[in-house]
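For reference, the structure is listed below as structure tokens.
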Amino acid sequence: SGAGPDPGPEENLPGHRPNRDQDKPDPHRLPPGTVRHFPFAFERAQLLAGLPFGVTPLTTGVTVDHERLHVRYGPWSLTTPLTNVAGTTETGPYQLLKIAGPAHLSLADRGVAFCTRRTDGLCIEFHEPVGAIAPFGIVRHPAATVTVVDRDGLRRLLEVTA
């Protein structure tokens, strides 16, 4: 028929360069089996306000592995695949009355706040809303705000996956 062999997909042709070097691991992405833990940063006032609700440094934290984001805030928790993280925004400061004690629901946007200090936090946005504070997932949250010690480290880690 005169036509030569099929050259295959364009990405296999000589001279094609992928968007990123596929042979090098991403230094920010976690390899399987690796877990990063981000403790919450507690102000004294928030530590005292959280105690009656079981919110202490021993019962809080954000954990990220190669597949999931998990937030624990005393008796409340949120777990979602990393593929559900849409992005992050640095936020704060916050009014003590709006964050003191338990997890808080924003009536404006249904976001959930897990806050242990007033100065700054990280708002994590989701593609699909997630359950966290209401039983049986009755209320689903499009975002969660956390106040971890290493806000920038958590932001960088989640940006790679978003």
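The values are calculated or read from the model by the stated rules, or taken from the named source; none is laboratory data. Because the structure is a prediction, the values reported are computed rather than measured. No Cβ is skipped: glycine too gets one built from the backbone with ideal geometry, and neighbour counts run over all protein chains shown. Note: areas computed on protein heavy atoms with side chains; ligands, DNA, RNA excluded. Shrake-Rupley method; radii C 1.70, N 1.55, O 1.52, S 1.80 Å.
Check R72, R110, R118 and return the single one that is touching a strand residue (DSSP E or B) at 6+ places or on another chain (Cβ under 6 Å), over 23 Å from P32 (Cα atoms) and basic (K, R).
On the way: R72 fails: over 23 Å from P32 (Cα atoms); R118 fails: touching a strand residue (DSSP E or B) at 6+ places or on another chain (Cβ under 6 Å).
The unique qualifying residue is R110.
Would you confirm, using the coordinates I've provided, whether T89 is under 24 Å from Q46 (Cα atoms), surrounded by fewer than 14 Cβ atoms within 10 Å (Cβ to Cβ) and touching a strand residue (DSSP E or B) at 6+ places or on another chain (Cβ under 6 Å)?
Working: under 24 Å from Q46 (Cα atoms): yes; surrounded by fewer than 14 Cβ atoms within 10 Å (Cβ to Cβ): yes; touching a strand residue (DSSP E or B) at 6+ places or on another chain (Cβ under 6 Å): yes.
It is true that T89 is under 24 Å from Q46 (Cα atoms), surrounded by fewer than 14 Cβ atoms within 10 Å (Cβ to Cβ) and touching a strand residue (DSSP E or B) at 6+ places or on another chain (Cβ under 6 Å).
Would it be correct to say that T89 is in a strand (DSSP E or B), farther than 22 Å from V35 by Cα, without any contact (Cβ under 8 Å) to a residue 60 or more places away in the chain and polar (S, T, N, Q)?
Here the answer is yes, as T89 does meet what is asked.
Given the options L96, L30, name the one that is at pLDDT below 95 and open to solvent by 50 Å² or more (accessible area, probe 1.4 Å).
Numbers: L30 fails: open to solvent by 50 Å² or more (accessible area, probe 1.4 Å).
It is L96.
In region 42-81, how many residues are farther than 17 Å from R151 by Cα and in a helix (DSSP H, G or I)? I'd like the intermediate steps shown before the answer.
Applying the first criterion (farther than 17 Å from R151 by Cα) to region 42-81 yields 44-56, 58-59, 66-68, 74-81.
Narrowing further to those that are in a helix (DSSP H, G or I): 44-53, 58-59.
The qualifying residues number 12.
Among the numbered criteria (1) under 21 Å from T119 (Cα atoms); (2) at pLDDT 95 or above; (3) surrounded by 17 or more Cβ atoms within 10 Å (Cβ to Cβ); (4) more than 14 Å from the chain's Cα centre (by Cα), which single criterion is violated by L51?
Here L51 clears every test but (3).
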